[in-house]
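Q: Below is the structure I would like to discuss, written out as structure tokens.
The values are calculated or read from the model by the stated rules, or taken from the named source; none is laboratory data. From a predicted model like this one, the values you see are computed outputs, not experimental measurements. Every residue, glycine as well, gets a Cβ built from its backbone with ideal geometry; the counts of neighbours run over all protein chains shown.
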Amino acid sequence: MDRKIFLSTLLIYFRYPALAFLLGFCSIGIVLLPALSAAYGFFLSFSVCCFTVFFGGDGVLLALAVFGLRCVVTLPCYFALAVPSLRNAANLAALSFGRGKRAQPVRYGSVWWKRLGVVAVILSCGVMVDLFLSPAFLNLVLAKILS
């Protein structure tokens with residue numbers, strides 16, 4: 001397996017969930033997490049639309065071969081990290097802009113770190129499955145489209 005392919009696949013799988021996790025540590029996450037979610041959805045749908053425009057009805061099947069496994073793994077992991085991060089970012093923003101009102105401190109307990117660990121394991125397994133099964137799946141789809 002080529003190192004560049006492995007690292008790029010790792011980056012593709014981990015970029016949005018990792019950003020969502022990190023935005024839970026800052027109050028600006030209250031604004032940036034919805035923007036990140038919109039960007040994630042836009043770029044994914046734009047890519048699928050490009051496949052559909054260039055390849056017609058077969059483009060949807062081709063997009064499923066290229067993006068299907070990745071989306072099945074990364075989308076739930078993203079939201080598993082983004083929802084608690086948004087809650088923490090909102091609590092941090094309330095502390096920052098509370099104007100002297102008392103607020104509960106934001107606690108990053110063991111559940112926070114366990115969730116990150118579980119998501120990291122799931123994403124790592126997704127990377128391995130993607131690296132080993134996606135080429136075969138893509139060959140099957142291309143054989144169907146080209147025949």
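Q: Kindly indicate the residue of the range 100-147 that is among the polar types (S, T, N, Q) and in a helix (DSSP H, G or I) and also modelled with the highest pLDDT among those meeting that condition.
A: Ser124
Q: On to the next question. Could you grab me the full set of residues in the range 9-26 that are surrounded by fewer than 19 Cβ atoms within 10 Å (Cβ to Cβ) and either of a type in the set (Asp, Glu) or within 23 Å of Val106 (Cα to Cα) (or both)?
A: Ala18, Leu22, Phe25, Cys26
Q: Select, from Leu10, Leu44, the only residue that is in a helix (DSSP H, G or I) and under 24 Å from Gly117 (Cα atoms).
A: Leu10
Q: Another question, then. Could you please let me know if Val31 is at pLDDT 90 or above, among the β-branched types (Val, Ile, Thr) and in a helix (DSSP H, G or I)?
A: yes
Q: Do you know which residues across the range 15-51 are within 11 Å of Ala82 (Cα to Cα) and polar (S, T, N, Q)?
A: The one that is within 11 Å of Ala82 (Cα to Cα) and polar (S, T, N, Q): Ser37.
Q: Just need a number here: residues in the range 61-85 that are of a type in the set (A, V, I, L, M), modelled with pLDDT of 95 or more and surrounded by 15 or more Cβ atoms within 10 Å (Cβ to Cβ).
A: The number of residues fulfilling the criteria is 5.
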